[in-house]
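Q: This is the structure, below, for whatever I ask next.
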Amino acid sequence: MEDKNNIKKEEIDFSYFETKETLEFSEKLKTHGTKAAEVMKTFVSKMGTEAKETREASKVIVKFLKEGKVSKEEEHELKSQIYDLFKMAGIGVPFVLIPGSTLLMPFLIKLANKKGIELLPSAFKKEHEDALEDKKEQSSD
């Protein structure tokens, strides 16, 4: 199978989970497996973008250490990336330390957005805005 981006989709075998106790879980995985795989691919892609931005920020730091100055644009990019690193740490730590935080995090992100607080790094923000625009367009049709 191929989707609209011509990326080959891999079928996932969920038969491992099909026992009497886990049949319901297996069915949910089957029905939402494709969506979950797409979300994971997007997440990995956005984390790659953040890694690239972090490498660029480290080059700015090296330049500052060598020359003692950077342009206003480079300074702004460096500050933005440092904020993004703190955001990733703030989101990542609860996933490791708090059981069930994967269920809580989407609600916290939505609540923070309503209060004007941006919890997601910049690489994730553009996709979130695009998704909101798509929803508005679909509701107006």
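The values are calculated or read from the model by the stated rules, or taken from the named source; none is laboratory data. Since this is a predicted model, take the numbers as computed values, not measurements. Because the Cβ atoms are built from the backbone with ideal geometry, glycine has one as well, and the counts that use them run over all protein chains shown.
Q: Listed residues ILE61, ILE117; which is at pLDDT 80 or above and surrounded by 11 or more Cβ atoms within 10 Å (Cβ to Cβ)? Steps first, please.
A: Numbers: ILE117 fails: surrounded by 11 or more Cβ atoms within 10 Å (Cβ to Cβ).
On inspection, the qualifying residue turns out to be ILE61.
Q: Exactly one condition in (1) surrounded by 10 or more Cβ atoms within 10 Å (Cβ to Cβ); (2) under 17 Å from GLY48 (Cα atoms) is false for LYS110; which is it?
A: So LYS110 meets the others, but not (2).
Q: Then there is this: Name the residues in the stretch 64-84 that are part of a helix (DSSP H, G or I) and loosely packed, with under 15 Cβ neighbours inside 10 Å, would you? So that I can check it myself, show each step before the final result.
A: If we filter the stretch 64-84 for residues that are part of a helix (DSSP H, G or I), which is where we start, we get 64-67, 72-84.
The answer is PHE64, LEU65, LYS66, GLU67, LYS72, GLU73, GLU75, HIS76, LYS79, SER80, ILE82, TYR83.
Q: OK, next. So THR31 ticks every box in (1) closer than 24 Å to SER122 by Cβ; (2) modelled with pLDDT of 75 or more but one. Which box is left unticked?
A: Exception for THR31: condition (1).
Q: Assess whether THR102 counts as being modelled with pLDDT of 80 or more, polar (S, T, N, Q) and either outside any helix (DSSP H, G or I) or in contact with a helix residue (DSSP H, G or I) (Cβ under 8 Å, 6 or more places away or on another chain) (or both). Spell out the reasoning first.
A: Values: modelled with pLDDT of 80 or more: no; polar (S, T, N, Q): yes; either outside any helix (DSSP H, G or I) or in contact with a helix residue (DSSP H, G or I) (Cβ under 8 Å, 6 or more places away or on another chain) (or both): yes.
Judged against the criteria, THR102 is not a match.
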